[in-house]
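Step one of this worksheet: look at the structure below.
Just so it is clear, none of the values below were taken in a lab; they were calculated from the coordinates. Note that the structure is predicted; figures quoted are calculated from it, not measured. Using ideal geometry, Cβ is built from the backbone for each residue, glycine included, and neighbour counts are taken over all protein chains shown.
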Amino acid sequence: MPIQPAVAQALLNIFGEDSVYLDAADCWTYGYDNSKLHHPPDAVVMAASHEQVLDCIALCKEHRIPLTTRGRGTGTTGAAVPIHGGVVLSLERMNQVLEFDPGNRSVRVQAGITNLALQNFLKLHNFFWAPDPSSAEYCSVGGNLACNAAGPGAVKYGSCRDNTLRLKAVTGNAETIITGSKTSKGVVGLDLTRLLIGSEGCLAIITEADLKLLPLPSDKNTFRVLFTSHAEASAAIQALMAQPHTPCALEFMDHHALDLLRQHSPLQLPVAAAAMLMVEIDGDPDSLVVSSRLIESTLTALKPLQINRAHSVGEAKELWAARKALSPILRNLAPNKINEDVVVPIPQLSDLLAGLDKLSQRYELPIVNFGHAGNGNLHVNILYDASDPKQNQNAQSSLLEVFDLVLSLDGTLSGEHGVGIAKRDYVDRELGEAELRLMRQIKQQFDPLLILNPNKGWPTEV
Ligand SMILES: Cc1cc2nc3c(=O)[nH]c(=O)nc-3n(C[C@H](O)[C@H](O)[C@H](O)COP(=O)(O)OP(=O)(O)OC[C@H]3O[C@@H](n4cnc5c(N)ncnc54)[C@H](O)[C@@H]3O)c2cc1C
């Protein structure tokens, strides 16, 4: 529905002419994210300040216009797609570092700064912010917070929820709130910071964040380990997590993934290799000697097919090449791909992988699995051709069985990508009616007219 002229004028008054797009062609490009789902908004506005965000929400509330916040649109679940039209509020121009406080190990940023721009700034001062999604170059810190994003480093350093001190945000009721405190300890009131993190723009729009910093480790050691079965690799993951030196990356690839690398990349992998682990540890050179020795002896005791240790940055890059080559290969392999990011407790990884293999055989579809094994987080990729009715049906049926399998193993449906619309209708498989009711009531408190990213995150009450 086109924006009413009076509302369009009010948007122009708030943001100025060069920060409001009303033309359908301009709006079109703000209707997608990385889920490939699309719905155009009726207006796009580019915020430059907290006050503009506040005024925009007040306007949308007054006119009951749906409002979808957009970081950089790299989300994979349709969470940033304005499924009901309305206004897309882009934070891409709110990209400043506001305050750097090394003595407090904290930095305050505007929410639209990209993860990489922040890391580049921090690197100059020998610090880093732990969340390290592989989309860092493009995604915003606000989007990271809204999705509780993470990457390989989460096994040691945690996700956004573990690395955020305080948020400034505007609720759907057009009120400014400050959640948490700038201190690393604090227990006053309920933990609204962790409630907003992962809430996918459904409760409030985050405009500023005080983030917890960590000192940049001075060195890294990298190992690539090949196994003849995923059961052996799973045993190695448990053994690595049971010893005291936590890896800063513990990544897994299954035999389908290794087969793809053999077929589509120049990498030479032994025929018997059926699972691969990438293990990385960081620290200062002295502590690395000790931790590398322990990691290597833990792995050697499990008699893997092959262990390669990098002795230089270049060699580490070569070892990581296999893991990095996979995503581009997967993108072009089949016309369609269902990409899930399920999580199970680490001891259940072996059962999950065995179950996925059985589903792949029964439904006659390749299911390629890789991911952040140190968190039990697997990216499950079901490859199919949607124009083939049988394959399409099999893909959808196998997906439901993947979810049932994960939940039967005490797992959860998403580790880092979130729910958006892609997973919304599966959420009640994991959450009970009491939990869902509480979430709907919380939404109502933050956003009484349900204007913020409506109908995302969990099934709407019927
Ligand atoms: C190639 C690729 C690799 C990826 N790798 C990873 C990975 O390793 N780990 C990982 O976790 N994810 C990964 N992702 C997913 C995605 O990059 C992350 O979810 C990222 O955090 C999204 O940030 P964004 O700025 O693009 O947010 P968007 O896609 O614009 O928005 C995502 C959600 O956040 C909300 N939102 C955005 N900004 C705010 C704000 N300021 N306040 C409130 N709500 C807001 C939006 O409304 C939407 O619901 C990957 C994506 C791609 C395309």
Tell me, how many Å apart are the Cα centres for region 356-429 and for region 1-78?
-> 33
Enter the angle in degrees (range 0 to 90, nearest 10) between the Cα long axis of helix 313-331 and the first principal axis of the Cα atoms of the chain, meaning the one along which they spread out most.
-> 60
Charge dipole (region 1-127, unit charges on Cβ, about Cα centre) - positive-most of ALA58, TYR30, VAL20 | TYR30
Using the Karplus equation 6.51 cos²θ - 1.76 cosθ + 1.60 (θ = phi - 60°), what ³J(HN,Hα) coupling, rounded to whole Hz, does each residue of region 270-282 give in order, writing x for Gly and Pro?
-> x, 4, 6, 5, 10, 7, 9, 10, 9, 10, 10, 10, 10
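Calculate for the chain the 222 nm mean residue ellipticity that helices alone would give, adding -39,500 (n - 2.57) per DSSP H run of length 4 or more and normalising by residue count, nearest 500 deg cm²/dmol.
Details: 15 runs with 166 residues, N = 462.
Here the helix-only value at 222 nm equals -11000 deg cm²/dmol.
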Compute the Kirkwood hydrodynamic radius of region 334-418, taking the inverse of the mean of 1/r over all pairs of distinct Cα atoms, and give it in Å to one decimal.
-> 12.7
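What ranking do 396-406, 221-231 get when scored by the average of other Cβ atoms within 10 Å per residue, highest first?
221-231, 396-406
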Among GLY198, ASN394, GLN9, pick out the residue whose Cα is farthest towards the positive end of the charge dipole of the chain, where Lys and Arg carry +1 and Asp and Glu carry -1 on C-beta, about the Cα centre.
-> GLY198
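Give, rounded to the nearest 20 debye, the magnitude of the charge dipole that region 217-293 has about its Cα centre when Lys and Arg contribute +1 at Cβ and Asp and Glu contribute -1 at Cβ. Walk me through the intermediate numbers first.
Working: 4 positive and 9 negative charges, 44 e Å.
Dipole of region 217-293, to the nearest 20 debye: 220 debye.
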So, with points 7 Å from each Cα along the Cβ direction, the VAL187-SER397 label distance in nm works out to 5.3
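How would you rank 208-217, 424-433, highest first, on the average number of other Cβ atoms within 10 Å across their residues?
Details: 208-217: 19.4, 424-433: 14.1.
Order by mean packing, descending: 208-217, 424-433.
If you average the sequence gap of Cα pairs under 8 Å that are 6 or more apart and divide by the length of region 317-453, what percent do you get for the contact order? Before the final figure, lay out the partial values.
Values: 146 pairs, mean separation 35.6, N = 137.
Dividing the mean separation by the residue count of region 317-453 yields 26 percent.
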List every residue whose amide H lies under 5 Å from the amide H of ASP341, counting only residues 5 or more places away in sequence or on a different chain, with H placed 1.01 Å from N in the peptide plane.
-> VAL380, GLY415
Hey, can you grab everything whose amide H is under 5 Å from the amide H of GLY198? Only 5+ residues off in sequence or another chain; H modelled, so Pro and N-termini drop out.
-> ALA146, CYS147, ASN148
Quick note, region 27-144: a/c under 1.5 would make it rounded; otherwise a/b > b/c is prolate and the rest oblate (a ≥ b ≥ c, C-alpha gyration tensor); here it is oblate
Longest principal axis of the chain (C-alpha) makes with the long axis of helix 255-264 (C-alpha) an angle, in degrees to the nearest 10, of 90
Determine the dipole magnitude for region 298-432: charges of +1 sit on the beta-carbon of Lys and Arg, -1 on that of Asp and Glu, nothing else is charged, the reference point is the Cα centre, and the result goes in debye to the nearest 20.
-> 460
Would you kindly derive the ³J(HN,Hα) couplings of region 121-131 from the backbone phi angles with the Karplus curve 6.51 cos²θ - 1.76 cosθ + 1.60 (θ = phi - 60°), listing them in order in whole Hz, with x for Gly and Pro?
-> 4, 5, 4, 4, 10, 6, 10, 8, 9, 4, x
If packing is taken as the mean number of other Cβ atoms within 10 Å per residue, what is the order of 346-354, 143-151, 414-422, highest first?
-> 143-151, 414-422, 346-354
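Can you give me the relative contact order of region 36-150 as a percent, contacts being Cα pairs under 8 Å and 6 or more apart? Numbers along the way, then the final one.
Values: 191 pairs, mean separation 29.4, N = 115.
In percent, rounded to a whole number, it is 26.
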Using a Förster distance of 30 Å, the FRET efficiency for THR300-LEU124 (Cβ separation, nearest 0.05) | 0.15
Rounded to 0.05, the calculated FRET efficiency for the beta carbons of VAL289 and GLU315 at R₀ = 25 Å is 0.90
The simple spin-label model distance between ILE178 and SER387, using points 7 Å out along Cα→Cβ, in nm, is 5.8
Between ASP18 and GLN243, what is the label-to-label distance in nm when each label sits 7 Å out along the Cα-to-Cβ direction?
-> 5.8
Between GLN361 and GLU99, what FRET efficiency follows from the Cβ-Cβ distance if R0 is 45 Å, with the result rounded to 0.05?
-> 0.20
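Taking the Cα centre of region 97-215 as origin, work out the dipole magnitude from +1 charges on Lys and Arg Cβ and -1 charges on Asp and Glu Cβ, in debye rounded to 20.
Numbers: 11 positive and 10 negative charges, 68 e Å.
The calculation lands at about 320 debye.
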